[in-house]
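Only one structure is covered here, and it is reproduced in the block below.
The values are calculated or read from the model by the stated rules, or taken from the named source; none is laboratory data. Please read all numbers here as calculations on a predicted model, not as lab measurements. Note that we place each Cβ from the backbone using ideal geometry, even for glycine, and neighbour counts take in every protein chain shown. Just so you know, the surface numbers come from the protein's heavy atoms only, side chains and all, with ligands and any DNA or RNA stripped out. Shrake-Rupley method; radii C 1.70, N 1.55, O 1.52, S 1.80 Å.
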Amino acid sequence: MSILAIIAAFGGGVLGAYVGAVPAFIMTGVLALVGNLITAAGVSGDIAVGVMAFSSFVGPQVAFAGGVAAAAYARKVGKLKDGADLVTPLYSLGAPDVLVVGGVFGAIGYVISQLIGMTPLGGGMFGTDLPGITVVILGIAARLIFGETGLTGKYTGSGPRKYLTNVPQEAMMGLGIGIVVSGTAAMIVEAASAENSVINLDAALGAFPVVCFGFAAMTLVFTVAGTGVPGTHHIFLPAALGAVTGYKAFGLYGCLLGIVFGVAGSILGNFFGNTFNSYNDSHIDPPAFTIFLLTIVNSILAAVLI
């Protein structure tokens with residue numbers, strides 16, 4: 001664990017606060033998409049991906065988590081109306097203490113992700129998505145430290161609280177994304193198997209899940225613009241991981257396993273959103289919850305089947 005990386009992560013957390021958590025995450029998506037497309041083409045994209053997209057620069061465990069915590073703190077001290085507002089650039093508040101909170105949580109996020117990486121969750125049979133699990137941990141910490149609504153929010157509706165909503169639509173969205181991701185994975189395999197193909201299949205499939213993640217993260221541009229487009233990285237990434245695992249275990253048609261992960265990702269994201277991110281005064285990220293859990297499931301399946 002590098003002290004320089006921890007210091008840089010403080011700056012990354014400040015970045016996530018001053019531009020806003022979601023805009024910072026969109027930058028993560030841009031770098032992840034570009035870096036992994038380069039990797040899939042057979043050229044190293046390590047700087048864009050390993051150093052910038054998922055580390056101290058705009059790694060979700062740093063910049064996004066820092067922005068989330070800064071927004072929660074800003075609400076607590078009366079400088080922001082909604083602590084779950086992840087779009088407003090917190091620089092606009094004119095409050096350096098808000099940016100400091102973002103920096104502190106960014107540095108802590110880097111350390112936590114590195115420490116978790118040293119456990120069985122860091123790889124192997126129970127390997128998970130380290131940025132995802134860290135975002136969840138820090139979101140919970142920010143809620144408990146700065147919030148007033150408790151871990152699952154304070155329900156203010158009438159009748160029983162619903163933990164799943166719009167299930168047919170969520171299932172249909174997950175199905176559609178799962179199909180296009182699985183089909184694309186299969187087309188990559190077929191293209192690499194063609195005569196005279198110059199595609200390195202291992203490199204292409206290795207980069208494919210994060211390309212899908214980056215694409216989904218970039219679509220949040222439309223969300224920020226107020227168009228109502230939902231976040232979908234918790235569907236795209238697990239679907240791609242499942243498709244790759246399915247291919248390695250069962251061959252070409254095994255890519256269809258991605259459809260199962262796509263539907264599961266969509267419904268789980270809806271459940272976590274209704275459970276932890278409604279009737280609340282800060283943000284606990286449903287996609288991060290979904291991604292880190294489904295990544296563990298994928299790791300177990302890969303260890304058993306491959």
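Just a few scattered comments:
- Using Cβ point charges alone (K and R +1, D and E -1), the dipole size of region 117-197 about the Cα centre works out to roughly 560 debye.
- Region 123-164 and region 88-111 have Cα centres spaced 20 Å apart.
- Vicinal HN-Hα couplings computed from phi for region 24-35 (Karplus, 6.51 cos²θ - 1.76 cosθ + 1.60; Hz; Gly/Pro x): 5, 5, 4, 5, 4, x, 4, 5, 5, 5, 4, x
- The apolar share of the surface of region 159-225, taken as the fraction of accessible area on carbon and sulfur atoms (1.4 Å probe, ligands and nucleic acids excluded), comes to 67 percent.
- Dipole-positive endmost among 122, 151, 135 within region 101-193 (Cβ charges, Cα centre): 151
- Global size of region 185-247 as Cα Rg and Dmax, reported in angstrom: 14.3, 46
- Helix-derived mean residue ellipticity, 222 nm - over the chain, DSSP H n ≥ 4, -39500 (n - 2.57), to 500: -21500 deg cm²/dmol
- Projecting the Cα atoms of 181, 99, 257 onto the dipole axis of the chain, where Lys and Arg carry +1 and Asp and Glu carry -1 at the beta carbon, places 99 farthest toward the positive end.
- Set of aspartates and glutamates near residue 79 by C-alpha distance (under 19 Å), chain-local residues within fewer than 8 positions excluded: 97, 148, 281
- 285, 97, reordered so the largest accessible area comes first (probe 1.4 Å): 97, 285
- Between region 52-84 and region 233-259, the alpha-carbon center distance in angstrom: 32
- Burial order of peptide ranges 264-273, 115-124 (average beta-carbon count within 10 Å, highest first): 264-273, 115-124
- Annotation: residue 6 carries an accessible surface of approximately 40 Å², with a 1.4 Å probe and no ligand, DNA or RNA atoms counted.
- Heavy-atom accessible surface of region 43-123: percent carbon and sulfur, 1.4 Å: 69
- Solvent-accessible surface of region 203-306, averaged per residue with a 1.4 angstrom probe and all protein chains in place: 35 square angstrom.
- Ordering of 154-161, 228-235 by packing is 228-235, 154-161, highest average first (other Cβ atoms within 10 Å, averaged per residue).
- Rounded to the nearest 20 debye, dipole of region 129-272 from Cβ charges on Lys, Arg, Asp, Glu: 560
- Among 196, 36, 166, residue whose mean-square fluctuation peaks in a GNM of the chain (springs only between Cα atoms under 10 Å): 196
- Within the straight-line cut-off of under 29 Å between alpha carbons, the lysines reachable from residue 162 are 76, 81, 154, sequence neighbours fewer than 8 places apart in one chain being disregarded.
- Rolling a 1.4 Å probe over the heavy atoms of the protein chains gives region 93-146 an accessible area of 39 Å² per residue.
- Total charge dipole magnitude, the chain, about the Cα centre, Cβ charges on Lys, Arg, Asp, Glu only, Debye to nearest 20: 680
- For region 24-46 versus region 193-225, the gap between their alpha-carbon centres in whole angstrom: 9
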